[in-house]
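Remarks on the structure that follows.
Just so you know, all these numbers are worked out from the coordinates, no wet-lab data involved. Please read all numbers here as calculations on a predicted model, not as lab measurements. Positions of Cβ are generated from backbone atoms using ideal geometry, with glycine treated the same way; all protein chains shown enter the neighbour counts.
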């Protein structure tokens, strides 16, 4: 599985956070810029050709109509681009992170800490969230205390149904925050950090196939359904930061 570079996805995230401004500013700004040289040009025409005020006005109106049509077209294109980018990001997004941060945290296979998956998952998620690199022991290894991740005193934070869990995961990731989700596999229970989604057509009808995760077992980026299913208890942790 290919790691997603932080610069590339930071750029995509920047596009998403600013895309709503494109349509609102493109038309007035472009119109103002377009009309400035138009005004200057018509003053020059008047000086050189001794045109009458009426002729100057007619020329200005004609040119203004043409320029306005062009500006409106630019505005329409900007809106279309904004809608296309927004639609794409609503269906596919992976939060940016530095693979070196994940390598620095390590994984269960390297440490031999077979019961510390929730602690590693929280550490990965914090690294994705804002580049914070904590050792997994910060979250308490043997019995995760969910430091900065809700629950507290090793209590699980439970959301509700599987559908509600995945909808919350989608909404959190859309807002730039990974989640730590309870799953099952052939060896029993496990926790993974969900950091992205893919091929989403309806956020209210999602499966683990739609999510990208970091796996505490080996630190790899995976499709969340690769060997895993939701545990069924509706438990998921979100950042308190």
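Assorted remarks:
- Residues of the range 138-152 that are over 28 Å from the mean Cα position of the chain (by Cα) and without any contact (Cβ under 8 Å) to a residue 24 or more places away in the chain: 140, 143.
- Matching residues in the range 121-137 - criterion: being at negative phi and within 22 Å of the chain's Cα centre (by Cα): 121, 122, 123, 124, 125, 126, 127, 128, 129, 130, 132, 133
- Going through (1) under 19 Å from residue 103 (Cα atoms); (2) crowded, with 18+ Cβ neighbours inside 10 Å one by one, residue 131 falls short only on (2).
- Considering the range 217-230, and only residues there that are in contact (Cβ under 8 Å) with a residue 40 or more places away in the chain, assigned to a loop (DSSP other than H, G, I, E, B) and under 22 Å from the mean Cα position of the chain (by Cα), the residue that is surrounded by the fewest Cβ atoms within 10 Å (Cβ to Cβ) turns out to be 220.
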